[in-house]
Structures are given as structure tokens and as C-alpha cells.
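Here's the structure we're looking at; comments come further down.
The values are calculated or read from the model by the stated rules, or taken from the named source; none is laboratory data. Since the structure is predicted, the reported quantities are computational estimates derived from the model, not experimental observations. Ideal geometry is used to build each Cβ from the backbone, glycine not excepted, and the neighbour counts take in all protein chains shown.
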Amino acid sequence: MSLLTVSGLTKRFGGVIANRDVSFAVASGELVGVIGPNGAGKSTLFDLVTGFQRADAGRVTLDGADVTRLRPDEIARRGVARTFQKLRPFSDMTVLENVMVGAFLRTADVAAAREAAHHALTSVGLADRVDAHARGLSTGQRKRLELARALATRPRLLLLDEVTGGVDQATIPGLVRLVRELHAGGLALVVIEHNMRVIMELAQRIVALQLGEVIADAPPSEIVRNPRVIDAYLGQAWRP
């Protein structure tokens, strides 16, 4: 049984169809990439999976249980966490306090939440920034902070929305290594990414979206040779 199964998800915003009959599955411990041009429905798909938007049709199941109509906090308690494309940390709170917010999903004990937050921050390389205010972090550090807050919820499945987006080229390799380490630790991941070099390095399988529809679902080596993906997203430079 797949850890996550998305079946026929459809979402409309007025006359615009953001997702149309989207289906794919993620196995435990798998790392799946999601690619597509702007407006392809990638972030909306994450919203539907995590309960931030309600689907007009289709189902999301986790370990075979239907979670389609659950609230975001209920889905998070079942082991699904996510990051967001737009970073919105609690700017006036410390780095540690930001991550404790995620830890409180699993415990009401302040000491236990603090310990969990310290552990998450160590795992993302921010152990030396625990007392800094979030507003003083660089974009790359804020990406790590958001990862730590998600990890503090103790997920089995982590959805990353453009983890390398908006950072300088020197910062990207460290973020890629971090994602690899999380995956090597047994975490299942679904990663939205525009940087094809990054997603080719990371993903075991790639789901390509165009105008809200899945146009391909295959290993990276096949995705870059798929004519529909080349025409819709990659461009002529990728054509064999």
C-alpha cells in the first residue's frame, strides 16, 4: 500500500481549473519531484493534499485512510508536513520559538517542545541561531527554519514547495544535501522544484504537470526525453 495516494483530484477557481483529475502515489521512503511551468497547479496540489484547499472532486488517502476532507492540523497529526513557497516566519519570535510552534502539534509540554525544536534545528544546521530573531535570517536560513518547523511536527511525509527557490547559487548545494539527508533518514518527500539540475539529482520519480493535468509520471531519465514535457516545460534545449 502506498503511503500517499492522490486519485482524480480536481480544483476549480471560478472558470479556472487549477487541477484536473490529478492522480499519483508516493511510497514510504520515496522521493518524488513535481515540475511544471508557472500556473501548472503545483502549489494548489499541495494545498489539496494538506487540507488548505478543498477539492471539488477526487480523493487523498494516507495509508489507505481517506483524508480528503480533514483540516490541515488533522492531516499534520497523521504525519504530513509541508513548507511554503512564500516564507512567512514569525519575524518577532526567535528561531527556537518559531520551531516550537511546530513541536506543539505533538506535545503541550513546553520543555518537550523546546527539546524537539533544538533537535530539528540541529538537523537543519541552525543550532547556532536558536536565539536569533527570524527577521534577521537570510533567505537560505529561512528555508532551513521552515524545514525545521515542519520536521518538529514529526512527519512521515514532507512536501517541499521550491526549497531552493529564491536563494543564491552558493546556497543551493547545502539545501540539496539537507534534502538528501532527510530522505536517507527514511522520510518520504514530494518536492516542487523549478531547478531541473536539482530535481534530477534528487528525485527517484518525477510527476510533470501542465495546465493542472499530469502529463508524465516517470523516472528522471525518461522525463527529460518525454516530448510532452519538453514542449510544455523544458524547451528545445532538452530535445534529443
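Side notes on the structure shown:
- Sole residue being basic (Lys, Arg), closer than 19 Å to ALA76 by Cβ and surrounded by fewer than 21 Cβ atoms within 10 Å (Cβ to Cβ), chosen from ARG135, ARG106, ARG177, ARG129: ARG106
- Scan of region 84-106 for residues that are hydrophobic (A, V, I, L, M, F, W, C) and part of a loop (DSSP other than H, G, I, E, B), ordered by number: PHE84, LEU87, PHE90, MET93, PHE104, LEU105
- Qualifying positions in region 205-230 - closer than 18 Å to LEU189 by Cα and not in a strand (DSSP E or B): PRO219, PRO220
- In region 107-117, residue nearest to ARG177 (Cα to Cα) [restricted to those that are more than 20 Å from the chain's Cα centre (by Cα) and among the small types (Gly, Ala, Ser)]: ALA116
- Residue list for region 88-98, restricted to those being without any contact (Cβ under 8 Å) to a residue 24 or more places away in the chain and within 10 Å of HIS133 (Cα to Cα): GLU97
- Number of positions in region 198-214 that are surrounded by fewer than 18 Cβ atoms within 10 Å (Cβ to Cβ) and either more than 20 Å from the chain's Cα centre (by Cα) or closer than 17 Å to SER43 by Cβ (or both): 2
- A single member of LEU62, LEU70 is over 24 Å from ALA170 (Cβ atoms), at pLDDT 95 or above, hydrophobic (A, V, I, L, M, F, W, C) and in contact with a Lys or Arg (Cβ under 6 Å, 6 or more places away or on another chain), and it is LEU62.
- Options LEU62, LEU3, LEU31: the member that is under 30 Å from LEU145 (Cβ atoms) and either in contact with a His (Cβ under 7 Å, 6 or more places away or on another chain) or not assigned by TED's automatic domain parsing to the domain that holds TYR233 (or both): LEU31
- Residues considered: ALA120, ALA81. Of these, the only one that is at pLDDT 95 or above, under 18 Å from the mean Cα position of the chain (by Cα), not in a helix (DSSP H, G or I) and not hydroxyl-bearing (Ser, Thr, Tyr) is ALA81.
- Search result, residues across region 7-32 that are out of contact with any helix residue (DSSP H, G or I) (no Cβ under 7 Å at 6 or more places or on another chain), farther than 27 Å from VAL176 by Cβ and assigned to a strand (DSSP E or B): SER7, GLY8, THR10, ARG12, PHE13, VAL16, ILE17, ARG20, ASP21, SER23
- Residue count for region 123-136, restricted to those that are part of a helix (DSSP H, G or I) and either charged (D, E, K, R) or closer than 19 Å to ASP92 by Cβ (or both): 5
- Among the residues examined, VAL101 does not qualify as surrounded by 14 or more Cβ atoms within 10 Å (Cβ to Cβ) and touching a residue at least 60 places away in the same chain (Cβ under 8 Å).
- A Cβ distance below 8 Å, combined with a sequence gap of six or more or placement on separate chains, defines the contacts here; from region 13-35, residues that are more than 27 Å from ARG197 (Cβ to Cβ) reach residues that are acidic (Asp, Glu) in the pairs ARG20/GLU213; ASP21/GLU213.
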